[in-house]
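What follows is calculated from the coordinates using simple rules that are stated; it is not laboratory data. What you see is a predicted model; the values in this text were computed from it and never measured. Note that each Cβ is placed from the backbone with ideal geometry, even for glycine, and that neighbours are counted across all protein chains shown.
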């Protein structure tokens, strides 16, 4: 069995050089894009202007969450707490808007809330050395409890519509026909892409993902660096929460539930490897487009939202399978 | 003279400290019982002990499967969704045929199929158990919500209520269920070769493979057993709520992992025992019961649980060191 497997693998063309390795990362997204293209052609409403505007408004929230966890995923960490963190940021932002009516203060609070939870994760995972998956799942649970508590405590004020014009503008506004949220998302994506691809900070991130021990020996403070990446993913989740609040305009306790898994799926589909060291913001953005398009096509074809959640799970498996297959070819 | 006595005290302090770290979890449980009993006199009564037994039935049985997976150095995050899925299958088959036997068989088959599906992805296709079971957590819950659409599916049958409320010699039925399952679990884990291999796999996979043991089959087996026992949990869940709900088993995976780890079993695998699993289950059961007796609201309990999971991994870190 073993020999047969290796035999068939050797028959395949080998992928050794880095450029080939990068090229292989395009296979998965391309296959899915072609498949989606075929489905889209049979769904006439997909290519309407209304649908594209709807997509453009929906995309930034998932997009921000996904690009937020991309750096820590490249550095071989996990952040599964972002769904609850985004929800907490929705609560705190909403609260500050209601109490102070000041948009800048509310924005700052939302981002800071996320960064604080990220710092909490960072201290536990990198400072003390606890298991990242379990810690961030614990944070997911604990913060969700806090979210529900906050909604219950402030039941009347929080279920009120957030009528603050500035906040609604962030979520729904247009500038020269382009949604403000999409502009924010693009700006953050470009910035992060530059940081990962063109700075020492980015190089360190990839180095840690490839081989944390080696990176440490080279003099990189790996724990501090990964800690910062957790804070970053928390802060961006906070920003995603603000945009979600502006878009939805109402605070509920079940908001943002399951977003962490959707974001993780987008990251993996784009081609960022869970084994660390491989991936980019560009690839995650591709993944986000794919996930958003899948959801949109299913909605247009009247598939229930629940089945969409079920499908997310299978998409994760297919994505990691193809990723595994490709990286195996590189190694052999 | 004083130097010797100083060395002696130092040695004694060291011995006490290492004993405390070794038995951190057990000491924690004793401490918690004292605190709860001091605050709430009703806590230490026979009837409350029976209530706790009824409450921890699902947790105790699902924790067996989870601990097997953790001993091999993997993790199963899908057990909560499997509990929900199997409860749903049971309710649907019962609604269609009215046969308890068919319903239970279908539920058990569903559990073992999902577990083996996870196992094949992990062992044969080489995927990480974390991501495979996160996927199963997502698709399993999605399916349950899609089929129930938030509406409970009723199951009216005395058999299932007996699984929770039944009494033999004044003792609650789950008590016997737990005793039987844990005895079987003990013999399997500590008295058979396969049990030994499970720990070995968690210590060093390469050595296990070099010894000629089929590590892949072992992984499929433990994930399959975990699925099967989650199905048993799903059947008991029907007994508790008399219906399959969209939220049946939701979040159970964290309770179960918390129980396994807080009992003192190593999260990274290779170390642990049946006694420690049971200890952890008791800890989580007592915690939930104590908090509910003190009428702590559900949201605060959820926050507590999150913090206790962190405490659990913290104690794991103290007892077993940093993961390599």
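One line per residue, one yes/no per condition, for (1) surrounded by fewer than 24 Cβ atoms within 10 Å (Cβ to Cβ); (2) within 10 Å of chain B (Cβ to nearest Cβ); (3) farther than 19 Å from residue A:184 by Cα:
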site: A:244; (1), (2), (3): no, no, no
site: A:248; (1), (2), (3): yes, no, no
site: A:257; (1), (2), (3): yes, no, yes
site: A:260; (1), (2), (3): no, yes, yes
site: A:295; (1), (2), (3): yes, no, yes
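Inside region B:159-186, residues that are over 27 Å from residue B:76 (Cβ atoms) and outside any loop (DSSP other than H, G, I, E, B) make up a count of 8.
Only residues that are within 14 Å of another protein chain (Cβ to nearest Cβ) and touching a strand residue (DSSP E or B) at 6+ places or on another chain (Cβ under 8 Å): list them for region B:84-134, please.
Restricting attention to region B:84-134, the residues satisfying the condition of being within 14 Å of another protein chain (Cβ to nearest Cβ) are B:84-85, B:88, B:114, B:117-134.
Listed by number, the residues that qualify are B:84, B:88.
Taken residue by residue, region A:304-313 has at least one member that is outside any helix (DSSP H, G or I), out of contact with any strand residue (DSSP E or B) (no Cβ under 7 Å at 6 or more places or on another chain) and surrounded by fewer than 18 Cβ atoms within 10 Å (Cβ to Cβ).
Can you name the residue in region B:120-131 that is touching a residue at least 40 places away in the same chain (Cβ under 8 Å) and in a helix (DSSP H, G or I) and is also farthest from residue A:315 (Cα to Cα) among such residues? I'd like the intermediate steps shown before the answer.
Just the residues of region B:120-131 that are touching a residue at least 40 places away in the same chain (Cβ under 8 Å), to begin with: B:120, B:122-124, B:129-130.
Checking which are in a helix (DSSP H, G or I) leaves us with B:120, B:122-123, B:129-130.
Details: B:120: 17, B:122: 16, B:123: 19, B:129: 16, B:130: 15 Å.
Result: B:123.
Residue count for region B:135-158, restricted to those that are more than 10 Å from every other protein chain (Cβ to nearest Cβ) and part of a helix (DSSP H, G or I): 1. On inspection, residue B:131 passes the criterion of being in contact with a helix residue (DSSP H, G or I) (Cβ under 8 Å, 6 or more places away or on another chain) and within 27 Å of residue B:205 (Cβ to Cβ).
Could you tell me whether any residue of region B:304-318 is at the interface with chain A (Cβ under 9 Å from one of its Cβ atoms), under 20 Å from residue B:40 (Cβ atoms), crowded, with 19+ Cβ neighbours inside 10 Å and more than 14 Å from the chain's Cα centre (by Cα)? Within region B:304-318, one or more residues are at the interface with chain A (Cβ under 9 Å from one of its Cβ atoms), under 20 Å from residue B:40 (Cβ atoms), crowded, with 19+ Cβ neighbours inside 10 Å and more than 14 Å from the chain's Cα centre (by Cα). With respect to the conditions (1) more than 14 Å from chain A (Cβ to nearest Cβ); (2) closer than 24 Å to residue B:320 by Cβ; (3) touching a helix residue (DSSP H, G or I) at 6+ places or on another chain (Cβ under 8 Å); (4) surrounded by fewer than 19 Cβ atoms within 10 Å (Cβ to Cβ), residue B:275 falls short on a single one, namely (3).
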